[in-house]
Amino acid sequence: MQSLLTMLKSWVRAVLDLPYLLADVLFLARDKRRVLRTRNILRVPHLPQRRGGKRAYGEWCHVTGIFQTLLHAHLPRPTDNCILDAGCGTGLLALAAEPWLGDHGRYVGLDVSERDLAFCRRHFREPHFEFVHLPIYNQQYAAGQARDRVRWPVADAAFDMVTALSVWTHLNEDDAVFYFKEIDRVLRPGGAALITFFVLDDAYQQSLPLRTDRVARYHTTDKRWWVFDKPCSQSGAWLCPTWAACPEVAVGVTPPGLALLTAGTALRVERIYPGNWKEQPGVYFQDVVLLRKR
Ligand SMILES: C[S@@+](CC[C@H](N)C(=O)[O-])C[C@H]1O[C@@H](n2cnc3c(N)ncnc32)[C@H](O)[C@@H]1O
């Protein structure tokens, strides 16, 4: 009964989305002719390919700009940079990275979703873009793939920057720790990583009454309020919202969890750009953690 209801709801949602789908096609066709100063957003895809929790056209452009700026601030040089994007999805960060690649740099996108990578390969055809499939398990995104963890198929110390936008917020503790070691391996000494998280720190604790109040006031368990109240790892440092069926739906990490991630690596947290999900002004929605390899 429950699954029938869920199916019905998603059908209704799809039908209600049809006018938006059509408007998106018509609007983008006209709008892109008026873009004069921001070349890379000409490649923002249509609605069906705008995923990763950011569906509105305006939001894709906005987030692209944020990460283009963060990359500029933390890359070692103005051009010819090598950037690895873990969990690239349909390529939002490929757009943000593009201005910094030049003739001798490269962007490599990794993902567990063959479908998203197939789109990226069609959409980003220049030789400095490469997209690589990871045939590994993620309960939310690739439940049918093998449970083995694999080393990323790239050389040691080959990248100036590793990015992951809304990816460590979908990894269980064991995967999160394993793939953090991969970040450490593939970065050059002095290289940096920009990884987004829900960091469950003091600011989060202080924001809790506000969000739990809202949940009570509106009699809703609406996901937008992001209350991470269910421990979901051996260490207790990773927590999910109660509504999440598994950590891979949405997971937050405590500061001791962040320390577990960097333990035994040459990575150090250099700065945290707090996210606006904690009811405070933020650079982005999730917290952006800047790490540096010594
Ligand atoms: C919320 S989406 C974000 C996509 C993209 N970064 C963006 O912001 O548009 C999470 C992405 O992580 C990918 N993913 C999940 N587990 C992964 C893993 N272990 N390694 C690489 N990618 C993974 C998913 O397939 C999905 O594309």
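Here, each number is a calculation from the coordinates, and none is a lab measurement. These numbers come from a predicted model, not from an experiment. Neighbour counts are summed over all protein chains in view; Cβ atoms, including those assigned to glycine, are modelled from backbone coordinates with ideal geometry.
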Quick note on Thr169, Thr69, Thr262, ordering by fewest other C-beta atoms within 10 Å, gives Thr69, Thr262, Thr169
Treating only Lys and Arg (+1) and Asp and Glu (-1) as charged, each at its beta carbon, one finds that the range 190-277 has a dipole about its Cα centre, in Debye to the nearest 20, of 160 debye
Interchain or sequence-distant (5+) residues whose placed amide H lies within less than 5 Å of the amide H of Cys82 are Arg106, Asp160, Met161
Candidate span helices, the chain: DSSP H, at least 18 Å along axis from Cα coords, Kyte-Doolittle average at least -1.0, result 2-31, 57-74, 173-186
Filtered hits (aspartates and glutamates, Cα-Cα < 18 Å from Lys54, offset >= 8 within chain) -> Asp17, Asp24, Asp85, Asp111, Asp116, Asp222, Glu248, Asp287
Dipole check, the range 119-162, charges on Cβ (K,R +1; D,E -1), about Cα centroid: among Val154, Ala143, Phe124 the Cα furthest to the positive pole belongs to Ala143
Relative contact order as a percentage, the chain, C-alpha pairs under 8 Å and 6+ apart, gives 13 percent
Note, Ala94: beta-carbon cut-off 12 Å, +1 each Lys/Arg, -1 each Asp/Glu, net -2
If the label point sits 7 Å along Cα→Cβ of His104, residues of the range 61-88 with amide N under 16 Å come out as 76-83
Within the set Pro19, Pro241, Pro99, GNM on the chain using Cα springs under 10 Å gives the largest fluctuation to Pro19
For Thr38, Thr265, Thr6, ascending order of other Cβ atoms within 10 Å (fewest first) is Thr6, Thr38, Thr265
Filtering chymotrypsin sites (Phe, Trp or Tyr not before Pro) in the range 181-264 by DSSP loop and by at most 15 other Cβ atoms within 10 Å leaves Tyr218, Trp243
Residues Asp103, Asp201, Asp156 in order from fewest to most other beta-carbon atoms within 10 Å are Asp103, Asp156, Asp201
Sparse-neighbourhood loop hits (trypsin sites (Lys or Arg not before Pro), the range 75-169; DSSP loop; Cβ within 10 Å at most 16 others) -> Arg125, Arg147, Arg149, Arg151
Relative contact order of the range 1-133 (C-alpha contacts under 8 Å, at least 6 apart) in percent is 18 percent
Distance in Å, no decimals, from the C-alpha centre of the range 175-200 to the one of the range 86-116 is 16 Å
